[in-house]
Structures are given as structure tokens and as C-alpha cells.
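Below is one structure, written out as C-alpha cells; the observations come after it.
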Amino acid sequence: MRFKLFVVCALACGFMAYVLANENISTEEDLDYQVINAVPQIVTNPKPSQPAKPKTDTEFVEVVKDVPKTTTKPKPSTSPTPKPTPGGQRMIPVVHVTSRGTDDVLTVAGLKPQKQFGALVMPDEYMGELIDINTGYNWDPNNNVAPPGSPSTAAGGYTITPARLAELRSNFMYWFFDKDTKGGRGDYQFDIHASMTQLHKNLNFQMPFYGFRFNYTRLSLNGYLEFSDPPEYLTYPLVFPIKDWPTKRDPSFMGIFFSKCRVGRIYPSDIDQRTPGVYFRVERDLMGRTDQMGVEVRERTMWDIRQGVVGAETFVPKHVVIATWKNVSFAGGIDNSLFMTNTFQMVVATDEVYTYLIYNYAVLNWLSHTEAGGDTTTGAGGVPAFVGFNAGNGTQAYEYKPYSQNMVIRDLANRGWANGFPGRHIFRVDEQILIGSCNKDIDAALLPLTFAPESGNMLGGQVVNITGPCFDPNVRVTCHFDTESVLGTYVDTNRVICVQPFLKAEGYIRFQISVGTQRFKWRGKYFVETPAAATEKIFFTTDDVYKKNPSEIKITWIPYNLTTNNNANVMISLWGYRETKIEPQLEYIDVIEPSYSNSGSYVITPSNYLNRKNVNRDMQFGFLQINLTQPDQYSGLSISPVLWSRPVPLAWYMAPQWKEQHGIQWPRALCDNWLRSDRFLRNFAADLPLCPCTLDQAVLDKGRYRPDRECDKDSNPSCLRHRGAIHCVVSGTPCPRS
């Protein structure tokens with residue numbers, strides 16, 4: 001009897017196992033073993049297909065053949081040939097246009113622009129730089145085996161070519177490996193799973209984030225990098241910062257898809273058979289690296305960020321962190337929901353001063369986990385994942401709207417357009433959170449602009465790069481600086497350029513842009529600097545400009561501040577400034593040089609202007625201006641960018657005219673005129689604070705006094721206008737009635 005019961009139970013168990021296997025349903029542990037240890041089948045084809053020409057984007061189409069299976073274990077291969085699939089099938093590479101869309105893309109080193117998202121498309125004759133002849137390693141960016149070797153700074157190392165850089169940048173996802181050449185697991189974090197959702201990672205470098213600096217992070221299965229403990233209990237929708245801090249934890253984190261996740265599953269037919277789970281890779285000290293991996297990570301990240309974010313034109317990454325969540329499912333679902341997965345990636349690049357983040361959303365199939373109200377089968381409904389940043393300690397947070405905790409979060413995989421990729425979003429996160437990607441989904445008031453630089457000389461001419469809405473080359477963009485409006489110049493979907501006009505204001509002003517016929521709804525704050533406080537753009541190598549009769553005046557400037565075109569010509573002119581009316585007056589005086597090469601230096605000869613008869617000879621000080629004679633040489637601008645000098649006296653130019661008007665004692669006559677005019681102005685001396693008694697008091701009392709820019713012992717000790725002075729200070733705050 002017992003034997004019969006045993007036989008019946010065995011048959012029943014066997015039948016259930018057979019049914020479950022055919023329905024692709026099993027326990028989490030069994031499926032883990034099956035997927036991770038699955039061995040691809042080798043198929044012998046009597047008629048091998050001809051190799052296709054090298055292309056950057058191929059699709060593998062299954063062709064069914066009645067070929068018997070074999071259990072022979074294949075040797076590891078480093079060639080880029082497609083893997084055969086189980087069941088007597090082979091994969092044929094078929095060239096196709098990428099499914100991510102079409103668009104014009106940038107070019108590097110003359111590579112042909114194509115209608116395709118992503119960086120660049122290789123010309124047909126380019127065969128790639130894939131196989132290392134020394135190690136046999138395949139340097140295909142999508143190889144799942146980590147490269148051999150170790151970081152190196154030896155001289156004479158690897159040099160990347162423009163074609164190779166373009167090949168790397170044409171891939172949407174950055175590197176992540178589930179194997180290495182020594183039989184290890186590569187970047188795969190096998191210790192992260194349902195019962196242990198995070199791991200501590202030492203960075204061994206300083207990473208600025210939201211006003212803090214961290215040398216470690218915690219990698220979480222739940223879609224974020226964190227720097228402090230998460231809350232013990234979460235209520236949905238999530239709100240940061242936690243108002244009850246410090247009684248409740250307020251975590252510091254970078255959230256790419258903050259939701260409760262679990263490791264998902266993949267089908268045997270999926271092209272990317274890398275193990276589902278979380279990956280983590282750190283590449284340090286990239287500035288001095290000469291090994292191939294170090295050079296390629298540095299150059300790829302550097303150009304992606306430089307061309308993706310305004311204001312990052314000089315950024316060079318020192319360290320890069322790549323965290324990847326591949327085929328992660330939502331927590332709380334049924335077993336079949338393990339095949340409903342998302343794949344996304346976070347790339348953190350820093351030079352230990354600035355920190356930039358790249359969010360790559362490859363696939364988003366589910367929105368929320370069951371605890372947040374999501375469906376147990378599809379992960380739909382409920383409160384979707386949180387996307388954004390939290391500084392921690394109850395300070396400040398940034399939620400990436402309109403996607404975060406909204407049903408349109410699925411659009412993250414089709415928006416952003418950073419580097420031409422739908423699904424790529426870039427941020428700068430070291431102090432404040434600045435978006436480097438366009439957004440065409442939201443329509444409300446006070447939409448934030450990202451622009452650089454964030455300040456400029458009130459005289460105008462500053463080129464301002466702008467990111468906010470997604471731009472169209474056929475739709476007009478208008479920039480509004482306080483009360484002045486100028487037309488913008490289209491650069492790409494993510495960027496428009498506006499040249500700041502002359503502004504009769506000082507300090508923060510409202511900066512707005514309008515797209516097409518819409519109202520000004522994208523807004524920011526732009527800081528207007530006085531000419532004396534603005535960044536110096538034209539330099540005087542000597543103090544000859546302050547003399548009455550100098551023989552020559554040498555000036556220099558940085559040519560790249562105008563254009564990178566070495567053949568461009570510039571015009572040098574002289575302008576005067578006065579404040580005798582309600583509004584300040586900036587007036588043109590003379591052309592110093594009508595056309596001169598943008599070499600960065602010029603010598604002014606004052607004797608060339610002895611016979612001038614200017615109408616506005618009452619101008620006593622002014623500025624030198626340098627601008628392009630053909631402004632379209634700078635990104636097709638219709639208005640030229642402008643460089644201004646600091647305020648300078650005009651005696652070297654006006655002295656002959658003042659002598660003719662006032663006689664040989666013209667300096668005394670000008671002083672007398674100034675005294676007569678000053679009598680009609682309000683006396684503000686009584687409103688000023690008392691002068692400091694000692695140098696130590698002047699230096700230490702920073703609330704009431706600040707250094708004079710023309711006589712600062714730390715930055716400008718020349719004290720040209722205060723002969724013999726060591727250090728000068730001015731009032732730190734304006735007069736109450738000024």
C-alpha cells in the first residue's frame with residue numbers, strides 16, 4: 001500500500017513539474033539557476049550565411065531549422081558573432097534603421113551625419129577597433145565580458161581615434177559586464193537580492209552632491225544611490241525632504257527609479273542575455289589613465305556631458321561611476337510578473353568640483369510596486385516611482401516633474417533627447433540640481449530654465465546658452481532680459497543661444513524665454529554685473545591706458561571667448577559712458593581697428609587719433625569693445641558676441657580735444673567742472689560707516705567692509721589708483737538712501 005502511494009505521489013509530482021516547466025512558471029531560486037547557468041546550444045548549418053557588411057545597428061532575426069540539439073559546451077568566444085539559441089535556431093544579422101527614431105546628429109572628425117538618434121554612424125568603410133591582437137579581447141561596447149588588464153598611467157599608452165569615439169557614443173547604454181576573463185562575475189552584484197537590497201561601496205574620492213561631499217555610497221536594488229539611511233516606513237506618494245527630521249530619517253540619495261524592486265527574469269529568446277540584476281562599476285583617476293578602458297571611459301563621458309549640458313564646455317571627468325539595473329521587476333507581484341521588467345542606468349561623473357549625472361532609461365514596462373498600489377501582474381496603476389534627488393538632513397529636494405510619481409513616467413524612455421537619444425536625461429548635481437535635457441511635456445507657469453553663464457556684464461554681448469523646452473529650428477525663440485528682448489539662435493533640440501543686450505539694471509533680473517507665439521513661461525534669474533565688477537575680458541599689459549600721452553597701449557584677450565575659428569576677424573572700437581540723465585548713457589566714440597585677425601593681442605597707437613573731432617567729447621571714461629565682424633561664424637548668430645574692458649579714462653584719446661577746448665590746463669578745468677556738478681548731488685558721506693582703524697580690522701570685519709578690486713592684497717596688489725597703499729576696502733553694503 002505504501003509503495004502504491006509513493007508511486008502515485010511521484011507520478012503526480014512529475015506531472016506538475018512538467019506543466020510548470022511548459023508554462024515558464026517556477027520558484028525564484030529555480031529560475032535563477034536556470035537563467036544564470038543556461039548554456040547556449042551549438043547548431044551546425046550546412047550552408048553558412050555570408051557575413052554582412054559592418055553596420056552600427058543590427059537586428060537578429062530567428063530562423064528555425066530542423067537540426068538536432070547538442071549538449072556540447074561551447075568555448076568562450078571573443079568574436080562579435082551572434083549567439084545561437086536553443087531549439088535548433090540560428091541568428092542572422094539583419095541591417096535595419098534603429099527603432100529609437102530619426103534625427104540629425106552631430107559629427108566628429110568628418111564622419112557622415114545620418115538620420116538616426118544616438119551619437120554617430122560609422123561610414124561603410126570603417127571596420128572598427130574591436131579585436132585586441134595581443135589579448136584577443138573583443139572591445140565591442142556591448143561585450144558582456146569585462147576587459148583584461150588594470151588601470152595604467154604609463155607613457156605611450158592607448159590613443160583613441162575619432163571613429164572609435166563616435167562608435168562608443170553611438171551606443172545608448174554604457175558598459176556593464178556580467179563576466180570577466182578570469183571566470184568572475186564582472187560588475188554583477190550577486191549579493192544584492194530580495195533579502196539584501198543594498199551594498200555599501202567606498203568611492204575613495206570626493207563626490208560633491210547637493211552641497212555635501214561624499215566618499216562612499218550605498219547601491220540599492222530599489223533604484224537609487226544613497227548616502228544615509230532610508231526612512232523606516234514609506235507613505236505614498238513620497239515627499240522629500242522629510243519634514244519630521246531629525247525624529248525621522250531624511251535620506252540623501254540620487255533616485256533614478258525609486259521604487260521597491262526585485263530581480264526579474266529574461267526569456268531565452270531575448271537578445272541581451274546578461275544576467276538580470278544590479279551592476280556597479282567605478283573607474284577612478286581618469287585624467288592620467290593611458291589604458292584603453294580608462295581613455296575610452298574618460299573621452300566618451302567627457303564629450304557626452306560637454307555636448308549635452310550647457311556650461312560644461314571645459315569639464316573633464318576625474319572619476320566615473322556606472323550603476324545599471326537590468327531587468328528588475330516590481331516587488332509584491334506574482335511569479336509571472338518577474339518577466340515584466342525595467343532596465344535603466346545611472347552614470348555619475350565628477351572632477352571633485354562638479355558632478356554630472358546621466359540617466360539612461362532603456363526599457364520601462366512597469367510603474368509601481370504592489371505596496372504603492374500597483375497591479376500584481378503588470379505593475380500598472382498606484383503611485384509610480386519617484387525620480388529625483390534629496391539632499392538629506394531636512395534641507396532640500398528636487399523631484400523630476402512631470403515624470404516622477406506620475407503616469408507619464410513611462411515617457412522617460414522616449415524623452416530627454418540628451419546627445420540626441422530619447423531616454424537620456426542629464427543633470428548637474430554638485431550644488432543645485434540643474435537639468436541638461438529638454439522637456440516638452442509640461443505646460444505651466446514658472447518653468448525652470450537651465451542656462452550658462454548665469455551672469456554677464458551690463459554692457460551686453462554675453463553669449464547665453466539655454467536649455468528648457470525642446471526646440472524646433474523652424475520655431476522662433478525670444479529671450480527676455482528684464483525689459484529687453486532679443487531673438488534666439490537654434491543650435492539643437494536641447495540648446496538655443498541668446499546674446500545679452502545692454503541692460504540698465506544691476507543685480508538679479510528676471511530672465512524668460514518664449515517659444516513661438518506662446519507667452520514667456522520658462523523663467524530663471526540672471527545676474528547683471530557692473531562693468532567694474534564683471535569678469536575682465538580685455539587685459540591691459542601695462543598702465544599706459546591711465547596716462548595722458550602714452551606712445552602705445554597694449555591689449556590682450558582670449559580669442560576663444562569670441563569664436564574657435566582662427567580665421568575670424570574682429571573689430572576694436574571705443575565707447576564712452578556717462579550718467580548725467582535719468583538713464584545711463586553708453587555712446588559710440590570711434591573705431592580703433594575696423595578689421596583685425598582674432599589673434600588675442602593688439603597695440604593701440606594714440607597718435608593716430610590726434611585730429612579727431614568728436615561730438616561727445618564730454619565723455620571722460622569709457623570702454624574698449626571687441627566684436628566679430630561676421631557674427632555668423634559663431635554658431636550662425638545674427639548678433640556678435642562682445643568683449644568689454646574694465647572702465648578706463650579717456651585722456652589718451654581725448655587729450656588733444658580737451659586741450660583745444662579748455663587750454664593747456666585742461667586737467668584743472670575738468671576737475672572744476674566735476675566739483676560744480678557734484679554740488680547739486682546729495683551728500684552721502686554721512687551715511688557711510690566709519691573707516692576701519694587698522695589693516696587687521698579692515699580684513700577681519702567682513703560684514704561691513706569688502707576688498708577694493710583695484711587694491712586687494714590677495715588678488716590685485718598693484719593699487720594703481722592708490723600709490724603706496726597695501727590694501728583698500730570699500731563699504732560692504734550700499735548707503736541706506738542710495
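Key figures for this structure:
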{"read-out": "Residue within the stretch 637-657 that is exposed (fewer than 14 other Cβ atoms within 10 Å of the Cβ), touching a Lys or Arg at 6+ places or on another chain (Cβ under 8 Å) and not β-branched (Val, Ile, Thr) present", "value": "no"}
{"read-out": "Residue list for the stretch 603-632, filter: open to solvent by 30 Å² or more (accessible area, probe 1.4 Å) and of a type in the set (Phe, Trp, Tyr)", "value": "621"}
{"read-out": "Close pairs (6 angstrom Cβ cut-off, 6 or more residues apart or separate chains): under 30 Å from residue 677 (Cβ atoms) in the stretch 578-601, among the aromatic types (Phe, Trp, Tyr) and open to solvent by less than 50 Å² (accessible area, probe 1.4 Å) anywhere", "value": "586/577"}
{"read-out": "The stretch 658-676 - residue that is open to solvent by 70 Å² or more (accessible area, probe 1.4 Å) and under 16 Å from residue 621 (Cα atoms) and, of those, modelled with the highest pLDDT", "value": "671"}
{"read-out": "Residue in the stretch 502-532 that is surrounded by the fewest Cβ atoms within 10 Å (Cβ to Cβ), counting only those that are basic (Lys, Arg) and not in a strand (DSSP E or B)", "value": "519"}
{"read-out": "Residue in the stretch 367-383 that is part of a loop (DSSP other than H, G, I, E, B), open to solvent by 10 Å² or more (accessible area, probe 1.4 Å) and either touching a His at 6+ places or on another chain (Cβ under 8 Å) or of a type in the set (Lys, Arg) (or both) present", "value": "yes"}
{"read-out": "Residue count, the stretch 261-299 (criterion: under 20 Å from residue 143 (Cβ atoms), over 29 Å from the mean Cα position of the chain (by Cα) and surrounded by 23 or more Cβ atoms within 10 Å (Cβ to Cβ))", "value": "0"}
{"read-out": "Qualifying residue in the stretch 703-712 (condition: in a loop (DSSP other than H, G, I, E, B) and either in contact with a Cys (Cβ under 7 Å, 6 or more places away or on another chain) or within 26 Å of residue 462 (Cβ to Cβ) (or both))", "value": "yes"}
{"read-out": "Selection from the stretch 469-501 of residues that are touching a residue at least 60 places away in the same chain (Cβ under 8 Å), buried (at least 16 other Cβ atoms within 10 Å of the Cβ) and not hydroxyl-bearing (Ser, Thr, Tyr)", "value": "486, 491, 492, 494, 495, 497, 499"}
{"read-out": "Which numbered condition residue 426 fails, given (1) on the phi < 0 side of the Ramachandran plot; (2) out of contact with any helix residue (DSSP H, G or I) (no Cβ under 6 Å at 6 or more places or on another chain); (3) buried (at least 23 other Cβ atoms within 10 Å of the Cβ); (4) not in a helix (DSSP H, G or I)", "value": "(2)"}
{"read-out": "Selected residue (criterion: nearest to residue 385 (Cα to Cα)) from residues of the stretch 311-332 that are open to solvent by 10 Å² or more (accessible area, probe 1.4 Å) and in contact (Cβ under 8 Å) with a residue 60 or more places away in the chain", "value": "331"}
{"read-out": "Matching strands (runs of 3 or more DSSP E) fully within the stretch 214-267 where at least 1 residues are of a type in the set (Val, Ile, Thr)", "value": "253-258, 261-263"}
{"read-out": "Selection count where residues are surrounded by 21 or more Cβ atoms within 10 Å (Cβ to Cβ) and in contact with a Pro (Cβ under 6 Å, 6 or more places away or on another chain), scope the stretch 227-260", "value": "2"}
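The values are calculated or read from the model by the stated rules, or taken from the named source; none is laboratory data. Owing to the predicted nature of the structure, the values given are computational and were not obtained by experimental measurement. As a convention, Cβ positions derive from the backbone with ideal geometry for all residues, glycine included, and neighbour counts pool all protein chains shown. Note: areas computed on protein heavy atoms with side chains; ligands, DNA, RNA excluded. Shrake-Rupley method; radii C 1.70, N 1.55, O 1.52, S 1.80 Å.
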